[in-house]
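Notes for the one structure printed next.
Any read-out appearing in this document is the output of simple, stated calculations on the displayed coordinates, not a laboratory observation. As the structure is a computational prediction, the values presented were derived from the model and not from experiment. Cβ placement follows ideal geometry from the backbone for every residue including glycine, while neighbour counts extend to all protein chains displayed.
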Amino acid sequence: MTSPLAQGSTIGILGGGQLGRMLSMAAARLGLKTHIYEQSAQCPAADVAHRVTSAAYDDEAALRAFGRDVDVITYEFENIPTYALDILQDLAPIRPARNALAVSQDRLTEKQFLTDLGLRCAPYHAVGTFDDLLQAIDKVGLPAILKTTRMGYDGKGQMRIANIQDAQEAYDAMQGSMAVFEGFIDFSHEVSVIAARGADGAISAYDPGENLHKNGILHQTTVPARLSANQRTDAVLLAAKILNALEYVGVMGVELFVTPAGFIVNEIAPRVHNSGHWTQNGCATDQFEQHIRAVAGWPLGDGQRYADVVMENLIGNDMDKVPQLTSQPNTALHLYGKPEARAGRKMGHVNVMTTPKA
Ligand code: ATP
Ligand code: MG
């Protein structure tokens, strides 16, 4: 058991996007500082962090200086190069630990891990060559989705295959990367469980949210999700099983497909998750504070939901709606301070409390 970080301690965060920004704000509320490590010169987290290092993930001197400056290291994205982790691991504890990164950086490793735990994934087949793809079509069937095993996010690096004519185009789109062929799941809806495990092994899971995607990007999360009491318990137990198996410390997002035959795990994210943003206005302790508490060795906070919430992402020119949203009742606006509203870029989100007034 680690002793809790004292007031004024510094949490190092790899990645300075909106997640790093909101983690920094939560850390500040608890009297803790953050030091952001980010490749780009400007980033959303820089405005609110105590310190920022702008350097590449192969800059040994910068990594060492960062590692020496912080008391613990965490991250806002899972694709951290191994080289950086090899250097950092001797300088400060990394939480969640590297096993969680290893499992979630590669979709094949992830599926193997989940299957070994007794959880269900979409039927899948590894694809390295065009011949593998033909075998996968034969074995798993169509329709299907071909995904690069590494580096995919927001639906990038994915191609749907409806019929055999699509196969060549999908294969070419992978550009020689290792890929995983997944059978298309006919789900009724998608939900996610955001759960935390503390350094003491305690687990706290948020009420599952129901997720709606548009163009492969999360558009909306609604709590409560359309789930029975039994399903809700099953979803939380399933997430807890994953956290315990990894001896995980921090917040994790577990994406699930709901089918008549039960839950199918889509993927896990070893970090705070876009579908957990509703917790900022629906719980006493939101996912960002919960993650900071966990990695700082503090006890987990109260994650019980006290409001019904609909979270909507503001993507690209959704920013045009902001003037109107500023005066909307029961609405909390969260903007990331990104200067340019490019198409497909997550600029902010809005949490609308929909609980009927008593
Ligand atoms: P994100 O970063 O938003 O989590 P991602 O790029 O990691 O996205 P996935 O989560 O694998 O991609 O897939 C994105 C979405 O595509 C899913 O939420 C789901 O709507 C759809 N999808 C993915 N795999 C399948 C599948 N096997 N069957 C049906 N739909 C799928
Ligand atoms: Mg996903």
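Odds and ends about this structure:
- When segment 16-125 is reduced to its Cα atoms, the Kirkwood hydrodynamic radius in Å: 15.3 Å
- Derived scalar couplings ³J(HN,Hα) [segment 142-150; Karplus, 6.51 cos²θ - 1.76 cosθ + 1.60; whole Hz; x for Gly, Pro]: 10, x, 8, 10, 9, 10, 4, 5, 10
- Residue-count net charge about D69 - beta-carbon cut-off 14 Å; Lys, Arg +1, Asp, Glu -1: +3
- Placing a pseudo-label 7 Å from each Cα along the Cα-to-Cβ vector at N244 and S327 gives an inter-label distance of 5.3 nm.
- Each Lys or Arg adds one and each Asp or Glu subtracts one; over the other residues with Cβ under 10 Å from the Cβ of G17, this totals +1.
- Three-way shape label, the chain, alpha-carbon gyration tensor, a/c 1.5: rounded
- Segment 221-262: C-alpha gyration tensor shape, a/c 1.5 cut-off, then a/b vs b/c: prolate
- Largest GNM mean-square fluctuation across D234, D200, D116, computed for the chain with C-alpha springs under 10 Å, falls on D116.
- The alpha carbon convex hull volume per residue for segment 123-183 rounds to 67 Å³.
- The count of lysine pairs in the chain with alpha-carbon distances below 19 Å, taking only pairs 8 or more places apart or on different chains, stands at 14.
- Spin-label zone in segment 212-255 - amide nitrogen under 14 Å from a point set 7 Å from the Cα of S188 along the C-beta vector: 225-232
- Three-way shape label, segment 37-82, alpha-carbon gyration tensor, a/c 1.5: rounded
- Spacing of the two label points (7 Å from each Cα toward its C-beta) at S3 and H213, in nm: 4.6 nm
- Stretchable slack from L335 to D308, in nm (0.36 nm times residue separation minus alpha-carbon distance): 7.6 nm
- Taking amide H atoms as placed 1.01 Å from N in the peptide plane, the amide H of A205 lies under 5 Å from those of A196, each 5 or more residues away in sequence or on another chain.
- Sites A28 and N230, calculated FRET efficiency, Cβ-Cβ separation with R0 45 Å, nearest 0.05: 0.70
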